[in-house]
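Below is one structure; the comments refer to it alone.
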Amino acid sequence: NASYFGAFKAGGGWTHDSRNKAFFPAQGLLQNLSVDVSVPGSDLDYYKLSSRTTWYHGIGNLFTLSLDGQVAYGAAYGDTQGYPFFENYYAGGIHSVRGYRANTLGPKENGIALGGAFSTTGSAELFFTPPFMEENSSFRMGVFFDAGDVYKDYRSFDAGQLRYSAGVSAVWLSPIGPLTFALAQALNAQAEDEREIFQF
């Protein structure tokens, strides 16, 4: 039998941006906090919290170091017995832990990623403009190290389960918007992990 739920949410967020420019910043900090809570009248009672911070620091005129960290958590409250699966977080892919197929990290059942209520990811990346291009070019490259994973809930967190990857990246501010590419090597993939070297 199919089950149907009505969930009405209220959300809010806070952003602090001290970057020197929106695209290809060389200095500054970008912080985002957000919260979503189901409101009275919903069939399910739960909330979601997420925080992401990205720090940029120029090294001379050639390089920019970027450190990025994100933590996201959700839980049920009131009479709801479990966090709803359709609100689960996922990790892996070009905007998460590169070198692993998108949304495939974390708990699995019969080889299918289930996601989880707790996610943590981080990245260290050194950006630079290729020597054959002008400093104000719309193209830049980078070398990176990623880490992260998804867990059933925060009590299931185990640093030993974190997945790591490293590789090279490229970003092009194309006429249709930013395009990101990566060649990544999964450093500690397990047998059940789905690896992907080239990502776009």
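Name the residues in region 71-124 that are hydrophobic (A, V, I, L, M, F, W, C), assigned to a strand (DSSP E or B) and either open to solvent by 60 Å² or more (accessible area, probe 1.4 Å) or in contact (Cβ under 8 Å) with a residue 40 or more places away in the chain (or both), would you? If you could, list the steps in order and put the result at the bottom.
Within region 71-124, the first condition is being hydrophobic (A, V, I, L, M, F, W, C), and the residues that meet it are 71-72, 75-76, 85-86, 91, 94, 97, 102, 105, 112-114, 117-118, 124.
If we keep only those that are assigned to a strand (DSSP E or B) as well, we get 71-72, 75-76, 112-113, 118, 124.
Selection gives V71, A72, A75, I112, F118, A124.
Which one is nearest to E194 (Cα to Cα), of the residues in region 118-152 that are charged (D, E, K, R) and over 17 Å from the mean Cα position of the chain (by Cα)? Give the steps one after another, and end with the answer.
Initial filter on region 118-152 (charged (D, E, K, R)): 125, 134-135, 140, 146, 149, 152.
If we keep only those that are over 17 Å from the mean Cα position of the chain (by Cα) too, we end up with 134-135, 140.
Details: E134: 38, E135: 37, R140: 28 Å.
Per the stated criteria, the residue is R140.
Restricting to region 27-46, name every residue that is at pLDDT below 95 and in a strand (DSSP E or B). Result: D36, V37, S38, Y46. Taking the criterion of being open to solvent by 70 Å² or more (accessible area, probe 1.4 Å) and in contact (Cβ under 8 Å) with a residue 40 or more places away in the chain, the only residue of region 7-48 that qualifies is F23.
Could you list, in sequence order, the residues of region 49-70 that are of a type outside the set (A, V, I, L, M, F, W, C) and either under 14 Å from the mean Cα position of the chain (by Cα) or buried (at least 16 other Cβ atoms within 10 Å of the Cβ) (or both)?
Our first condition is that a residue be of a type outside the set (A, V, I, L, M, F, W, C); within region 49-70, this holds for 50-54, 56-58, 60-61, 64, 66, 68-70.
Result: S50, S51, R52, T53, T54, Y56, T64, S66, D68, G69, Q70.
So is A159 within 30 Å of K48 (Cβ to Cβ) and surrounded by 15 or more Cβ atoms within 10 Å (Cβ to Cβ) or not? In short, no.
In region 186-200, the residues that are at negative phi and of a type in the set (D, E) form Cβ pairs under 9 Å with partners that are buried (at least 16 other Cβ atoms within 10 Å of the Cβ) and in a strand (DSSP E or B), at six or more places apart or across chains, as follows: D193/Y100; D193/R163; D193/A186; E194/Y100; E194/A113; E196/Y100; E196/A184; E196/A186.
The values are calculated or read from the model by the stated rules, or taken from the named source; none is laboratory data. Since this is a predicted model, take the numbers as computed values, not measurements. Virtual Cβ from ideal backbone geometry, glycine too; neighbours counted across all protein chains shown. These accessible areas exclude ligands, DNA and RNA; they are computed on the full protein's heavy atoms, side chains included. Shrake-Rupley method; radii C 1.70, N 1.55, O 1.52, S 1.80 Å.
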